[in-house]
1. Between Ile241 and Ala50, what is 0.36 nm times their sequence separation minus the Cα-Cα distance? Round to one decimal in nm.
2. Tell me which residues come under 5 Å, amide H to amide H, from Phe246 once H is placed; ignore anything under 5 positions away on its chain.
3. Divide by every residue of the chain the summed helix terms, -39500 (n - 2.57) for each DSSP H run of at least 4, and state the resulting mean residue ellipticity at 222 nm, rounded to the nearest 500 deg cm²/dmol.
4. Order 178-191, 83-96 from most to least packed using the mean count of other Cβ atoms within 10 Å.
5. Calculate, in nm to one decimal, what Asp15 and Asp307 gain on full extension: separation in residues at 0.36 nm each, minus their alpha carbon distance.
6. Under a Cβ-Cβ cut-off of 13 Å, what is the net charge of the residues other than Val70 that fall near it, where Lys and Arg count +1 and Asp and Glu count -1?
7. Using only alpha-carbon positions, what ratio does the radius of gyration of segment 28-328 give when scaled by 2.2 N^0.38 Å?
8. How many percent of all Cα-Cα pairs in segment 31-129 sit more than 23 Å apart?
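Every number in this text was worked out from the coordinates using simple rules, so none of it is lab data. Computed from a predicted model, the values in this text were never measured in an experiment. When we count neighbours, we look across all protein chains shown, and the Cβ atoms used for this are built from the backbone with ideal geometry, even at glycine.
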Amino acid sequence: MTISEQPVKRRQDYDGTSPFPGAEEHAPAGRAVVALTASIVILPFIALGAVIVLAWGQGIALTDLLLAAVLYGVTGLGVTVGFHRLLTHGSFTARPWLRVALAIAGSMSFQGNLIGWVAVHRRHHAFTDQPGDPHSPYRYGTGLRGQLRGLAHAHLGWLFTDDRTPAERYAPDLLAEPAMVRVTRAFPALCALSLALPFFAGWAITGTLYGGLTAFLWAGLIRVALLQHVTWSVNSLCHVIGSRPFKTRRHDRSTNLWPLALLSFGESWHNGHHSDPTCARHGLERGQLDPAGGVIRLFERLGWASDVHWPDAGRLQRRRTDLRSPASAPGAD
């Protein structure tokens, strides 16, 4: 029995506040995995130091920032629209070429291969904030020390553990889809492409290797780091800080955190998402910025997307929490 399967039997005894049964049983990942993950986490900070030195007295090139913004948008929407709303939750149906394009764009974000990403996220929804959740900030309990340790685990620590999520169980549909298997196998090459593109674009635009280097740092490594930490913040902060206007499953403490809405393309309306996981729009209330939902709307109008699951007013009303009743308590449903 794998580590990921053990909590399924134990979750019935979970009281919602104590550390997860077996919380200390996480075995560390293999040395190769730890080294690779650490490199992906640390290198962007080295790059940040390098650009500070390079920019001293010269400023930051507009070309580098524009390239970073474009690639952040492409890869970020690949994750939010492609990996998450389309391939994990089936919030809409996309034309085959668009399905593949979104899968490729998401793979260039350095957040793991497609099928592995989907499997982990589906497992997160199956066991949100209870034993079995791969990255819950409540793993070590709800006390201050446990909460701080849990936030570190949810944000980054879980990547360094040997807690396999079997794709055969959580993503059998994608394993049966040849195009998605090919994109998954191409993950290392797509990561290399994600860093090569800004370098060669910067070189071509400026005509200098220096221009290629600064573009590689800003639109490559630093762009990757920013998107990663925004995504990881949804895993961590969006289960601890923010509002909970909608009911969710028992123990689920997902929250809406508006400051991250733009950078996360609407993913930080996390309580809205957990309340209705298959909905194509996560910002369910008026004025909630959801760029990924807007992109899906555009795809629908262009005829590239169909069967879109948009918010239903009646369901929203039924799912609203009443702050004057116990229903507003975490996990009430």
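1. That works out to 65.5 nm of additional length.
2. Result for Phe246 returns Thr321.
3. -15000 deg cm²/dmol
4. Per-residue mean Cβ counts within 10 Å order the peptides as 83-96, 178-191.
5. 101.3 nm
6. 0
7. 1.02
8. Cα-Cα pairs in segment 31-129 separated by more than 23 Å: 44 percent.
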